[in-house]
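As structure tokens, the structure follows; a few thoughts come after it.
Rule-based calculations on the coordinates, nothing more; no lab input. All figures in this text were calculated on a predicted structure; none of them were measured in a lab. Positions of Cβ are backbone-derived with ideal geometry, glycine not excepted, and every protein chain shown enters the neighbour counts.
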Amino acid sequence: MNQSPLHNMHVRLGAKMVDFAGWYMPMMYRGIIEEHNYTRNAVSLFDVSHMGRLRFVGDDVEACLQRICTRNLAGMQAGQCRYSHICREDGGILDDVIVSRDQDHWLMVCNASNHAKIVDWVRKQTTGCKFELTDTTMSTAMIAIQGAQALDECDRLLPFEVKSIKRYRFISGSYLTFNYVIFRSGYTGEDGFEIVLPAKAIPLLAPKLLGDGSGEAIIKPAGLGARDTLRLEAGMPLYGHELSEQWDPLTAGQSWCVDLGKDFIGAQAIRKLEAQGLKSTIVGLELEGRRTARQGYEVFAGDRAVGKVTSGCLSPTLGKSIAMAMIEREWSDPGQALEVDFNGRRTPCRVVKLPFYKQKK
């Protein structure tokens, strides 16, 4: 099983470790709810080194990525990032990725569970293209600093100014011989940064961000449990839940990252689906009571099953049971009354607009 460059730190801080997509990763340190709330009100550090990091160099990179990605990448400036899907010919989603353009190369971040699949797919679909793909996942670390105080703390602790980075932009450079990339993005619904740097630089950076134990550090570590409840409140999809090879981007509610005016793998099938009209879509649900709806629970309109829950939790921020679900279109309007089946017992719910939570300005 793979270990993150931050593994020793996780163990030293008493994290509960779990197997996640072949990586030994921290589920929580102090408790999911505490870590969730601390992120919403202060700032947390998440280890996301398990995510795949790919580097592309060569004359044909843009053209090849344009063919693979649903998002239009033409005209991207150096220092700019875009979220995209990668699809099969039939429109099924292979993964959701972040594509970034630097001065002389491109970067792609993919999900840990799809890492090998995406590398293989890219190589097969770009045969004959002039570029070099380097997988830097194992030689680098990736951490996310997220939360209400993330900008202030990163500006205070990092040896260069980062507040001026705009959303979905990044800077890259070198410090003390270490190359770094700092993205202003995240997966919590809060502002913050994601930092990629050589694995060997972690012993220098982690104490600077989290403190050396001699005092009370403002940035505290958080695990994958809080990362999941935070992204759910923010209405952000998770591959294997709201995104799947069984669904296309439009059905998954992600039409904004698809440009059907360009040709890409899956475009023809998705255009056909759009013309025919979608049968189902992802919606938000608010449930009565405090029980958590789990993935796969059926959603009913009267006696008819009209969908299934894809993710659910008891929202620490809102104090409500919330869920996302794939629902037949005719039952997907906000305000629609439905029920979730909890192993034979129904709980009333209603459809609501996503996201459930929006960042405080």
Completion exercise
Relative contact order in percent for the range 279-352 (Cα pairs under 8 Å, 6+ apart) equals 39
Practice task
Counting other beta carbons within 10 Å of each Cβ, put Arg231, Arg346 in order, fewest first.
Solution key: Arg346, Arg231
Practice task
Counting only C-alpha contacts under 8 Å and six or more residues apart, can you give the relative contact order of the range 14-146 as a whole percent?
Solution key: 32
Exercise for the section: Any chance you could check the Cα centroid distance between the range 182-226 and the range 309-361 for me, in angstrom? Expected result: 31
Completion exercise
For the table Lys272/Lys308; Lys124/Lys358; Lys16/Lys166; Lys130/Lys262, the rows whose alpha-carbon distance is greater than 31 Å are Lys124/Lys358; Lys16/Lys166
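What's the Cα-based Rg to Rh of the range 279-352, Rh via Kirkwood?
For the range 279-352, the value is 0.92.
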Problem - Estimated [θ] at 222 nm from DSSP helical runs (n ≥ 4, -39500 (n - 2.57)) normalised by residues in the chain, nearest 500 - result: -5500 deg cm²/dmol
Completion exercise
Length-normalised contact order of the chain, Cα under 8 Å, at least 6 apart, in percent, tallies to 18
Exercise for the section: Find how much the distance from Asp90 to Leu204 grows on full extension, using 0.36 nm per residue of separation minus their present alpha carbon separation; answer in nm with one decimal. Expected result: 36.4 nm
Practice task
With semi-axes √(5λ) of the Cα gyration tensor in Å defined as stated, name the option among [x] 33, 28, 17; [y] 55, 26, 19; [z] 54, 18, 16 computed from the structure displayed.
Solution key: [x]
Fill in the blank from the handout: For 307-316, 15-24, ranked highest to lowest by mean beta-carbon neighbours within 10 Å, the order is 307-316, 15-24
Exercise for the section: Please list the equivalent ellipsoid semi-axes of the range 1-85, computed as the square roots of five times the alpha-carbon gyration tensor eigenvalues, in descending order and whole angstrom. Expected result: 34, 17, 11
Practice task
Work out the length of the dipole vector of the range 279-352 about its Cα centre, built from +1 on the beta-carbon of each Lys and Arg and -1 on the beta-carbon of each Asp and Glu, and round it to the nearest 20 debye.
Solution key: 220
Exercise for the section: Along Cα→Cβ, 7 Å out, is where each label goes; now give me the distance between the ones at Ala269 and Asp333 in nm to one decimal. Expected result: 3.2
Handout entry: Net length gained if the chain between Tyr168 and Glu288 were fully extended (0.36 nm per residue, minus Cα distance)
Key = 39.6 nm
